[in-house]
Amino acid sequence: MAFLKSIWTFLVGVKDALVLLFMLMLFAAIWASMSAPSPTRSVASGSALHLELSGVLVDAATPQTPFSLVSGEQIIPEIETHRLVKAIDLAAEDADIAMITLDLDSFLGGGQANLESVGQALGRFRARGKDVEAWATAYTDAGYYIAAHADRIGLSPLGAVILTGPGGSSLYFKDALDKLKVNVEVFRVGTYKSFVEPYTRNEASPEAKSADQMLADDLWAGWRKAVQAQRKDLDIAALVESWPQRIAGANRDQALLAKDAGLVDVVVSRADWHLALQERLGAGDDADMPGDFRRISGRDYLAARAPLRETGPAVAVVHVAGTIVDGEGAPGQAGGDSVATLIEEAIADSDVKALVVRVDSGGGSALASERIRVAMQEARAKKIPVIASFGPVAASGGYWVGAGADMILASPSTITGSIGVFGIVPTFEGSLKELGIHSDGVGTTPFSGQPDLIGGLNEPTRALIQGSVSDIYRRFLGLVSEARGLPLAEVEKLAEGRVWSGTRARQLKLVDGFGDLDAAIAEAARRAGIEGKPRVRKMSQSPTLLMRLLGQLGMSEMPPQDALARAVLARRMNAIAQVEAAVAVAHGPTVQAHCLTCLAHAVPRGTPAGPGDVLARLARLAG
């Protein structure tokens, strides 16, 4: 019996060894295939650069987790603005690219500053005498902004154009928290620091609403001006105002109404659009696909035209995208330690002669924001020029980061400012009392056991926290005053948590000028004395082997949606973002520099949410 047991143990060991050997060989084969040079994709003469914009336009794509890649969960795809602009600019100078075709059927939007960058790139392409055509089943504000920069806009016969303008409802939780007997202790400085209002009110304060309305009006004016510069016969304001009456009074398809109004040039199915392009450009590589035309995708085009290896002086680009948090930060967040480490790695590289810090954040932890700013100051101390490039949002903690730069460039539509600080401590004495649970204890000082989340804060602790908030606010004002060369009294008038558009921020000297990321890179290179077009080194954390392997599986595309479904999804994602922000603030650092107004104009990211998800996340507020 013992002999048979030994034989069985030996056979099991051999089996395990063979399985292990097979797995090692499999991973070695996958690694070899990934490491091997990719076959060069050629660009046929007379091709279209075909850009299928699926998902949302962002500054820096959110790293995916292994679970999200293997679970099959649908994730909203993200398009990095800088790569898209780079492809368009390369194509403008490329004799093999005859035109650009924009498929916007699955495009969900992007921050207005990033939309402006893409629109300007399309303008440079058209200035070379090359055409741009756009097509979609439905256009909402963001998609139509990009389509307006095309020579011809196509719309599906079953489609529609729905233009709404910025704005919408925000969530307020006071009554819900009262019903749960949750006491939210709020500490703030400034009239306009509205991030705390959802915890203390059931509606926006008049001061916050007035500031928010001014911001929305500025963004809408900028959107209309840019669109009408491309579609000169349109009066967007009058058109939006009269659109409900046009629909109600006409017995016609909305697609034809959009054409009659001058919003689109042609009503055409995707199949017929492709056939027309095939007739113009010639047949594509796939002979079995009806209407396939001579084209190359944006990804393949960049792979074909990107240099194999660049050397020489470089401008490093570090992204601060998402909520700024202490430590490393999760995917989609800007960890103070993570970003500072990337800056330190950049300035340690002898090839890096200048630094651009691209900010797309409404803030977060004041401590983490300061960690990043100090790293930028260390770069400046080494005589490395540092330029802050403000993206769609650079407010509160995001603006704090910008104070560490030699120069700030923004977009006219950048949401910035929000120079203010708040503290928030939820306590649960009322909730516990409702359940018949009480607390008692002893202490040696007024601060023993404080802040007491189960028994409530006492007055000395409230005074201590309010003093901390006031101290950090004074430091924030001092940083801005020194960085911008403005008297402290003037900064105080611009601060108090008020949010400004990029246009007003420039007038108020909170930013130095207008320009996108490319403009910031060019300015950094000029200050560093780099001649010609600089090499750009994008600083990012290297993905693990597992993530690289799983990344080969790709990311799912967003399915096409009609105009109303697309608008509903955007609002649902916005509601989710507001609830998630409320939960994050309640569970985050006591003292924060954050911007609530920015959420109303944020880009939807992550997983498409169902109606029940909003309620499920609301329940977490009591946790």
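The values are calculated or read from the model by the stated rules, or taken from the named source; none is laboratory data. Please read these numbers as outputs of a predicted model, since none were measured by experiment. Note: ideal-geometry Cβ built from the backbone for every residue, glycine included; neighbour counts use all protein chains shown. The protein model used for the area step is the full one, side chains on, heavy atoms only, and it has no ligands, DNA or RNA in it. Shrake-Rupley method; radii C 1.70, N 1.55, O 1.52, S 1.80 Å.
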Matching residues, the range 425-446, being touching a helix residue (DSSP H, G or I) at 6+ places or on another chain (Cβ under 8 Å) and either hydrophobic (A, V, I, L, M, F, W, C) or assigned to a loop (DSSP other than H, G, I, E, B) (or both): 425, 438, 439, 446
Kindly indicate whether any position in the range 175-186 is buried (at least 18 other Cβ atoms within 10 Å of the Cβ), acidic (Asp, Glu), touching a strand residue (DSSP E or B) at 6+ places or on another chain (Cβ under 7 Å) and closer than 30 Å to residue 429 by Cα. yes
So, of the residues in the range 269-283 that are touching a residue at least 60 places away in the same chain (Cβ under 8 Å) and within 32 Å of the chain's Cα centre (by Cα), which turns out to be least open to solvent (accessible area, probe 1.4 Å)? 273
Scan the range 236-253 residue by residue and report those that are open to solvent by 70 Å² or more (accessible area, probe 1.4 Å) and modelled with pLDDT of 85 or more. 241, 253
Could you please let me know if residue 373 is open to solvent by less than 40 Å² (accessible area, probe 1.4 Å) and either touching a Leu at 6+ places or on another chain (Cβ under 6 Å) or among the aromatic types (Phe, Trp, Tyr) (or both)? no
Return the residue satisfying two criteria in turn: it lies in the range 329-346 and is at pLDDT 90 or above and over 18 Å from residue 398 (Cβ atoms), and of such residues it is least open to solvent (accessible area, probe 1.4 Å). 346
Taking only pairs six or more apart or across chains, which ones have beta-carbon atoms under 6 Å, a first residue in the range 223-247 that is in a helix (DSSP H, G or I), and a second residue that is open to solvent by 60 Å² or more (accessible area, probe 1.4 Å) and of a type in the set (D, E, K, R)? 236/224
Single residue of 342, 355, 367 found to be aliphatic (A, V, I, L, M) and in contact with an Asp or Glu (Cβ under 7 Å, 6 or more places away or on another chain): 367
Considering only residues of the range 177-203 that are among the aliphatic types (A, V, I, L, M) and within 15 Å of residue 418 (Cβ to Cβ), which is farthest from the chain's Cα centre (by Cα)? 189
Which of the numbered conditions does residue 449 fail, given that it passes all the others? Conditions: (1) free of Cβ contacts under 8 Å to residues at least 60 places away in the same chain; (2) outside any loop (DSSP other than H, G, I, E, B); (3) not β-branched (Val, Ile, Thr). (2)
Among (1) farther than 21 Å from residue 345 by Cα; (2) at pLDDT 95 or above; (3) open to solvent by 10 Å² or more (accessible area, probe 1.4 Å); (4) among the small types (Gly, Ala, Ser), there is one condition residue 394 misses while meeting the rest; what is its number? (3)
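Per-residue answers, yes or no, for (1) surrounded by fewer than 18 Cβ atoms within 10 Å (Cβ to Cβ); (2) among the β-branched types (Val, Ile, Thr); (3) modelled with pLDDT of 90 or more:
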position: 381; (1), (2), (3): yes, no, yes
position: 400; (1), (2), (3): no, no, yes
position: 403; (1), (2), (3): no, no, yes
position: 413; (1), (2), (3): no, no, yes
position: 442; (1), (2), (3): yes, yes, no
position: 450; (1), (2), (3): no, no, no
So residue 350 fits all but one of (1) of a type in the set (Ser, Thr, Tyr); (2) farther than 26 Å from residue 85 by Cα; (3) without any contact (Cβ under 8 Å) to a residue 60 or more places away in the chain; (4) open to solvent by less than 70 Å² (accessible area, probe 1.4 Å); what number is the exception? (4)
Top-ranked residue in the range 490-516 [being assigned to a helix (DSSP H, G or I) and modelled with pLDDT of 95 or more; ranked as most open to solvent (accessible area, probe 1.4 Å)]: 507
I'd like to check something: does the range 329-340 contain any residue that is outside any strand (DSSP E or B), hydrophobic (A, V, I, L, M, F, W, C), closer than 30 Å to residue 595 by Cβ and touching a residue at least 24 places away in the same chain (Cβ under 8 Å)? yes
Could you list all residues from the range 207-228 that are hydrophobic (A, V, I, L, M, F, W, C) and open to solvent by less than 50 Å² (accessible area, probe 1.4 Å)? 208, 211, 215, 216, 219, 220, 221, 223, 226, 227
Lone qualifier among 7, 75 - being open to solvent by 60 Å² or more (accessible area, probe 1.4 Å), more than 23 Å from residue 517 (Cα to Cα) and either touching a Lys or Arg at 6+ places or on another chain (Cβ under 6 Å) or modelled with pLDDT under 95 (or both): 7
Going by what's in this entry, would residue 257 be described as under 17 Å from residue 135 (Cα atoms), in a helix (DSSP H, G or I), modelled with pLDDT of 95 or more and not aromatic (Phe, Trp, Tyr)? no
Hey, any hits in the range 99-118 for a residue that's open to solvent by 10 Å² or more (accessible area, probe 1.4 Å), aliphatic (A, V, I, L, M) and within 25 Å of residue 76 (Cβ to Cβ)? yes
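Look through 160, 91 and report the one residue that is crowded, with 19+ Cβ neighbours inside 10 Å and at pLDDT 95 or above.
91
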Across the range 361-400, what is the total count of residues that are assigned to a strand (DSSP E or B) and in contact (Cβ under 8 Å) with a residue 40 or more places away in the chain? 13
Pull out all pairs, ordered by first then second residue, where Cβ-Cβ is under 7 Å, the residues are six or more apart or on different chains, the first lies in the range 487-512 and is over 16 Å from residue 476 (Cβ atoms), and the second is surrounded by 14 or more Cβ atoms within 10 Å (Cβ to Cβ) and of a type in the set (Lys, Arg). 509/484
Selection from the range 292-306 of residues that are farther than 22 Å from residue 61 by Cα and either β-branched (Val, Ile, Thr) or assigned to a loop (DSSP other than H, G, I, E, B) (or both): 292, 294, 296
Contact list, first residue from the range 284-302 and more than 22 Å from residue 269 (Cβ to Cβ) and open to solvent by less than 50 Å² (accessible area, probe 1.4 Å), second anywhere and part of a helix (DSSP H, G or I) and among the charged types (D, E, K, R), beta-carbon distance below 9 Å, six or more apart or interchain, is 298/83; 302/83; 302/86
Does the range 136-148 include one or more residues that are touching a His at 6+ places or on another chain (Cβ under 7 Å) and hydroxyl-bearing (Ser, Thr, Tyr)? no
What single numbered condition from (1) modelled with pLDDT under 90; (2) crowded, with 22+ Cβ neighbours inside 10 Å; (3) not aliphatic (A, V, I, L, M) fails to hold for residue 191? (2)
Top-ranked residue in the range 462-482 [being out of contact with any Lys or Arg (no Cβ under 9 Å at 6 or more places or on another chain) and under 21 Å from residue 408 (Cα atoms); ranked as most open to solvent (accessible area, probe 1.4 Å)]: 482
